[in-house]
Amino acid sequence: MNLKKFFAELQRRNVYRVAVAYGVVGWLLVQIATQVFPFFEIPNWATRMVIVVLMLGFPVAVIIAWVYELTPEGLQRTEEVAPGKSIARGTGRKIDFVIIGVLLTVIAIMAWRHYHPAEPNLIKNAEKSIAILPFLDISPAKDQEYFSDGITEQIIDSLAHIHGLFVVARTTAFSFKNKNSDIRDIGRQLQVTHVLEGSVRHGKDKVRVAAQLIDVGTGFHLWSETYDSTEKDLLSLQSDIARKVAAALKIELHLAENTQLAKSPTQSPEAYDSYLRGRYLLNKRTADSIQEGRGLFEQAVAQDPSFALGHAGIADSYILLGKLGVISPAEASSKAWTEVSSALAIDDNLAEGHVSRGILLAEFEWNWAAAEKDYRRALELNSNSASAHHWYGRALGEIGRLDEASREIDAAGKLDPRSPFIRTSKAKILGAAHRYQEANEECRRAIEIDGNFALAFSVLAQAYLHLQQYSQGVETAKKFVELSNGTGFAKLELAYAHAIAGDKTSSEQIVKEVTTGSGPFSPYDMATICTAWGDHAAAFHWLDKAIEQRSVDVVWIRVDPRLDPIRDKPGFQEIVARMTPHR
């Protein structure tokens, strides 16, 4: 056989063109299958089938191109086509156009992917994902919101412990409360495959809970059930809902997960009711509501001293009161430590307890190594804990491990994308990395979620000032003071803004008002103001005070850009070295 003539014949019969066209079109079909099939929950075997069929079809297409030729009269065997009637060359040009068109499509797709890379998505590693919307209170008097909210939170917590299931965190799920939004639209916004919704009717000792699981892709109900129960059986009811949701999602529970679901945190309905009321108030995050919530947690542990969640609730209350400056850091740490120790002594597998102890160790006790162990343990127990990822990220940021901090904060943000606190913490980390424009943008996103979230205005003001947008920085700091009810802590941040903006007179007036008044203020903030004034000796004096008083914000001393002008001065590192663990 003359190989030269054979290859020439392959070319004349358009075999090469058909092979190339088949390969290019086949690749495009595989891309479509891998991207589109999962959206409609078409099984993976269907994608594999497309690939196998395309592979088997390749030699068939090549053989057909060799044996047959397209003529004006239709498809005919090549040897039967008279030379004068052959249109192989014209057909070849058409195939060329097809190849060029498909290649241009492929290039466009690849270019779009390059310039619009997909955001990292925790959901991609989970076959199933779910958002549990706040259950509606349909009690006759509509006065059981604490109860319906509490049941929702406990179901979220139960499902969060199940492997292979991505569970949207409470803050984001509750952002849809009392909003008449389409379930499928909510699912798409949260990038979840399923949504659980329900209602609660609570009266005297009777409880009726209705729940339904919805497939976001189709809008169909996968499972629904109505429970008529008593308060005594409420905890087992919540566990049953979690089990049946897992079964509907075809998730086989591990032994440890079954054990976790079967475990009841308390045998006292009264203690559990007090706990739900306390958690409802704690979530309001005001000084008064936290104090009132703490009282209900104390009532819960009085009703059941072995109620670990109740002890953890008391610890959380003291931590928040210390963070808000309502009580001293020393008092907050001492009282919270007693309660969190009790909680973990009762149940060492309580993820919430490990998060609380991690916060205490990092934010109050300056023991970041021990805190890291607690945060890691919490994530082992509950990988869906946005709180664990969030506070772990903040702790890493405080000690300068900014890349790791960003990863943890991003993980928290994926679980709880509508949390203004997590957004603001991300901005704080970005600011520590001197990425002020990105910090500015992140704060704006937090404010879009909650326009009254004061901390976002604090971090935004600093971003503006570092960007040398002084008027915006001062105005934003004023908004922070307004939202913080004029506390000394907030006013000193405004004094710093005036100092950086060049208005030392206004800065000094505010400092005098705050430091001579009766309210508490932060010596750490005073150090930042003195740094802005250029009075470095005074800045060191106030940093010493901050260490002595265990000021809660001194944990940022290693990375706070406001202290950059004195960071390389003699004595600064000696002050940092004094931050030794208390526990």
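Here are some residues: GLY502, GLY519. Which one is touching a residue at least 12 places away in the same chain (Cβ under 8 Å), under 17 Å from PRO565 (Cβ atoms) and part of a loop (DSSP other than H, G, I, E, B)?
Just one listed residue meets the conditions, GLY502.
Which residues, taken from the stretch 228-242, are modelled with pLDDT of 90 or more and buried (at least 17 other Cβ atoms within 10 Å of the Cβ)?
Scanning the stretch 228-242 gives ASP240, ILE241, ALA242.
Take ASP544 and tell me if it is out of contact with any His (no Cβ under 6 Å at 6 or more places or on another chain), closer than 27 Å to GLN469 by Cα and not aromatic (Phe, Trp, Tyr). Write out each step before concluding.
Numbers: out of contact with any His (no Cβ under 6 Å at 6 or more places or on another chain): yes; closer than 27 Å to GLN469 by Cα: no; not aromatic (Phe, Trp, Tyr): yes.
The answer is no for ASP544.
Considering every residue within the stretch 528-548, establish whether at least one is under 35 Å from the mean Cα position of the chain (by Cα) and in contact (Cβ under 8 Å) with a residue 60 or more places away in the chain.
No: the stretch 528-548 contains no residue that is under 35 Å from the mean Cα position of the chain (by Cα) and in contact (Cβ under 8 Å) with a residue 60 or more places away in the chain.
What's the number of the only condition in (1) in the same structural domain as ASP205 (by TED's automatic domain parsing); (2) touching a helix residue (DSSP H, G or I) at 6+ places or on another chain (Cβ under 7 Å); (3) assigned to a helix (DSSP H, G or I) that LEU261 fails to meet?
Among (1) in the same structural domain as ASP205 (by TED's automatic domain parsing); (2) touching a helix residue (DSSP H, G or I) at 6+ places or on another chain (Cβ under 7 Å); (3) assigned to a helix (DSSP H, G or I), the lone unmet condition for LEU261 is (1).
Please pick out the residue among GLY295, GLY278 that is within 16 Å of GLN144 (Cα to Cα) and at pLDDT 95 or above. Steps first, answer last, please.
Details: GLY295 fails: within 16 Å of GLN144 (Cα to Cα).
Selected residue: GLY278, the only one of GLY295, GLY278 that is within 16 Å of GLN144 (Cα to Cα) and at pLDDT 95 or above.
Looking at the stretch 150-178, I want the residues that are closer than 13 Å to ASP240 by Cα and have a partner that is of a type in the set (Gly, Ala, Ser) with Cβ atoms under 6 Å, at least 6 apart or on another chain. Which pairs are those?
Close Cβ pairs satisfying both conditions: SER158/ALA242; LEU159/ALA242.
Where in the stretch 143-254 are the strands (runs of 3 or more DSSP E), entirely inside, with at least 3 residues that are farther than 26 Å from ALA351 by Cα?
Passing ranges, in order: 194-203, 206-215, 221-230.
Could you give every pair whose Cβ atoms fall below 8 Å, whose first residue belongs to the stretch 360-372 and is within 20 Å of LEU321 (Cβ to Cβ), and whose second residue is among the acidic types (Asp, Glu) and assigned to a helix (DSSP H, G or I), counting only separations of at least 6 or pairs across chains?
Within 8 Å, the pairs are LEU361/ASP374; ALA362/GLU398.
Scanning for something outside the structural domain of THR172 (by TED's automatic domain parsing), part of a helix (DSSP H, G or I) and in contact with an Asp or Glu (Cβ under 6 Å, 6 or more places away or on another chain), does the stretch 377-386 turn up at least one residue?
In the first step, residues of the stretch 377-386 are kept if they are outside the structural domain of THR172 (by TED's automatic domain parsing); the result is 377-386.
Now restrict to residues that are part of a helix (DSSP H, G or I): 377-381, 386.
Next, only the ones that are in contact with an Asp or Glu (Cβ under 6 Å, 6 or more places away or on another chain) stay: 386.
There is at least one residue in the stretch 377-386 that is outside the structural domain of THR172 (by TED's automatic domain parsing), part of a helix (DSSP H, G or I) and in contact with an Asp or Glu (Cβ under 6 Å, 6 or more places away or on another chain).
Which residues, counting only those in the stretch 243-264, are modelled with pLDDT under 90, in contact with an Asp or Glu (Cβ under 9 Å, 6 or more places away or on another chain) and not hydrophobic (A, V, I, L, M, F, W, C)?
LYS250, LYS263
Check the stretch 471-491 and report whether any residue there is buried (at least 22 other Cβ atoms within 10 Å of the Cβ), in contact (Cβ under 8 Å) with a residue 12 or more places away in the chain and touching a His at 6+ places or on another chain (Cβ under 9 Å).
yes
Out of all the residues in the stretch 534-547, is one or more surrounded by 22 or more Cβ atoms within 10 Å (Cβ to Cβ) and more than 27 Å from ILE327 (Cβ to Cβ)?
There is no residue in the stretch 534-547 that is surrounded by 22 or more Cβ atoms within 10 Å (Cβ to Cβ) and more than 27 Å from ILE327 (Cβ to Cβ).
Criterion first (free of Cβ contacts under 8 Å to residues at least 12 places away in the same chain and under 26 Å from LEU361 (Cβ atoms)) does PRO265 satisfy it?
Numbers: free of Cβ contacts under 8 Å to residues at least 12 places away in the same chain: no; under 26 Å from LEU361 (Cβ atoms): yes.
So PRO265 does not fit the description; no.
The values are calculated or read from the model by the stated rules, or taken from the named source; none is laboratory data. In this text, all values refer to a predicted model and were calculated from it rather than measured experimentally. Glycine also receives a Cβ, built like all others from the backbone with ideal geometry; neighbour counts cover every protein chain displayed.
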